[in-house]
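Shown next, in structure tokens, is the structure this report addresses.
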Amino acid sequence: WLGINIFLFTYYFLFFDRDERYIYTRVILGSALAWARASAKCLNFNSMLILLPICRNLLSFFRGTCSCCRRTLRKQLDHNLTFHKLVAYTLALLTAVHTIAHLFNLERYNHSQQATDGSLPAILSKMHLEGSKWLNPIHSNQTTVEYVAFTTIPGLTGVIITLALILMVTSSTEFIRRNYFEVFWYTHHLFLIYFAGLVIHGIAGLVRGQTEESMAEVHPHRSFGMLQPWPSSTLCSPPSPQSWKWVLAPVLLYIFERILRVWRAQQKVVVTKVVMHPARVLELQMQKKGFRMEVGQYIFINCPAISLLEWHPFTLTSAPEEDFFSIHIRVAGDWTERLIDTFQQQKLEMPRIEVDGPFGTASEDVFQYEVAMLVGAGIGVTPFASILKSIWYKFQQADQTLKTKKIYFYWLCRDTGAFTWFNDLLASLEQKMAESGKADFLTYRLFLTGWDTSIANNVVLHFDTATDTVTGLRHKTIFGRPMWSSEFAAVAAAHPRSVVGVFLCGPGSLAKSLQKSCHQHSSLDPRKVKFYFNKENF
């Protein structure tokens, strides 16, 4: 992406550095003109793209209903938030370049206005005294850079745009999003001010060039260096605003997206069941007319009793075969804590819930692989709850279309309480697969990454029991973290000619480890084992 922007910047820099319409302007400004105009073009290009990765309905359409969207493209769509951040950082960098270039421009405009040596820059800066249109926007020796910045449309909108962008970028850091989500949420809506300012930023046209009519009458190559007034009153003309042409289509698309979200959010949602699991995990089972989902998808939830504007994403834990949809929520900030408290304290009337979605994720593709490795960390197990429930129903219905032949499931938790709400599902799966003669279909490993002496002593005392003392399941809980190199090597050995899908819902550090293992254990021979990494992003 950086390479694309460097190419565009270089192209426009060379274009404006040689554009004959700006020869007289370059006499005053020098190369700073090309720096400012090239960065402006790249800003327009990136502003055109910044909204597209967050049009969730558009992405879900391409993922799920567009037949031309193959696995490679779908995997790229899963990086939508990464691309959004990359474009945002590019905008911040280009804004800095654009601002610095114009500061140099204003300083040179000011210097040319004050010059009394009869040089060409000085003469060009005095054109407004001859009755023709001006080329230098500074017409007084008392005008300062600060005055231009805060009293002109380009200056004032530039300051506002820059401040809005700084607030959006700084409030979107990992620390702010995790600990002060409300700050991130509200400041990110400054994008409305950003786009409004961007559209009107170039209306006044402080940087001017020669018109087409004047080019025919007084061509720069014929008159350049002649120190006399120009005969045409149309010599100087502000460029027509271009930014709106770049951002109009994506802004309209985003407006349609938001209208669709508002319409869906207004549809009635009935909370049919509320379950409070150990470790303060809240389960909400809901129904909504016309709601259809696939495994691994997620929805956005709003509770007007807590906040009218805040929407938070949660992975669906129900299966498509069920007549309801459910989510599991753990405390991860002020909003989730207040939501859990609200449902715990509710008496007669259930708090109103609004739902937007569902939206597609990487986990939708799990049944496209013959072999799948599912890795969940803590509450990150939720998308795989949906997948495993769906598998249970497929076994119940003797579904012969199931392409997946083997699933490896890994769940990493810090405390034993987190295992509790998921135990029933795993126990049911164990029983159903044994009855179906497919006991080897699912291999799962539960890893406890945090424990105390009492837990360890209890495990030692009951080491020989048929079921695990922590979970009550047949597979024993493993204390510590997985040795991913060994796990991938074992899967590669068991499936030497298969395409293996690796799915993660967890932290970035774990994602790096799994991605590295995927590369290390994938064979260069296309006929042998290949690991494809997929990560939940929302």
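The values are calculated or read from the model by the stated rules, or taken from the named source; none is laboratory data. All figures in this text were calculated on a predicted structure; none of them were measured in a lab. Cβ placement follows ideal geometry from the backbone for every residue including glycine, while neighbour counts extend to all protein chains displayed. For the accessible areas, the whole protein counts, side chains as well, though only heavy atoms, and no ligand, DNA or RNA atoms are used. Shrake-Rupley method; radii C 1.70, N 1.55, O 1.52, S 1.80 Å.
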Nearby lysines by direct alpha-carbon distance to Lys438 (threshold 17 angstrom, same-chain neighbours under 8 apart not counted): Lys389, Lys394, Lys403, Lys405, Lys406
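Mind checking the stretch 489-538 for trypsin sites (Lys or Arg not before Pro) that DSSP puts in a loop (not H, G, I, E or B) and that have at most 14 other Cβ atoms within 10 Å?
Sites meeting the loop and neighbour criteria: Arg497, Arg527, Lys528.
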For a label point 7 Å along the Cα-to-beta-carbon line of Thr82, residues of the stretch 350-368 with backbone N under 15 Å: 362-363
Karplus-derived 3J(HN,Hα), 6.51/-1.76/1.60, for each residue of the stretch 183-196, Hz, glycine and proline x: 4, 4, 5, 6, 5, 5, 7, 5, 4, 4, 5, 4, 6, 4
Area of Trp35 that stays accessible when all protein chains are in place (1.4 Å probe, Å², to 10): 110
Reachable lysines, given that their alpha-carbon falls under 22 Å from the alpha-carbon of Lys41 and they are not under 8 places away in the same chain: Lys85, Lys245
For Ile327, distant residues with modelled amide H under 5 Å away: Leu284, Thr317
Förster-model FRET efficiency, 41 Å R0, His188 and Asp323, C-beta, rounded to 0.05: 0.70
Solvent-accessible area of Trp1 with every protein chain in place, 1.4 Å probe, in Å² to the nearest 10: 70
Virtual spin-label span in nm between Ser172 and Ala92, 7 Å along Cα→Cβ: 0.9
Dmax and Rg, reported as Rg then Dmax, of the stretch 1-111 (C-alpha, Å): 18.4, 61
Fully extended contour minus Cα-Cα distance, from Asp341 to Arg18, at 0.36 nm per residue: 109.8 nm
Area accessible to solvent at Asp334, 1.4 Å probe radius, in Å²: 90
Efficiency of FRET from Cβ geometry, Tyr11 and Glu349, R₀ 45 Å, rounded to 0.05: 0.15
Amide proton proximity set for Lys535, modelled H, under 5 Å, gap of 5+: Leu504
Peptides 314-321, 380-387 ordered by average Cβ neighbours within 10 Å, highest first: 380-387, 314-321
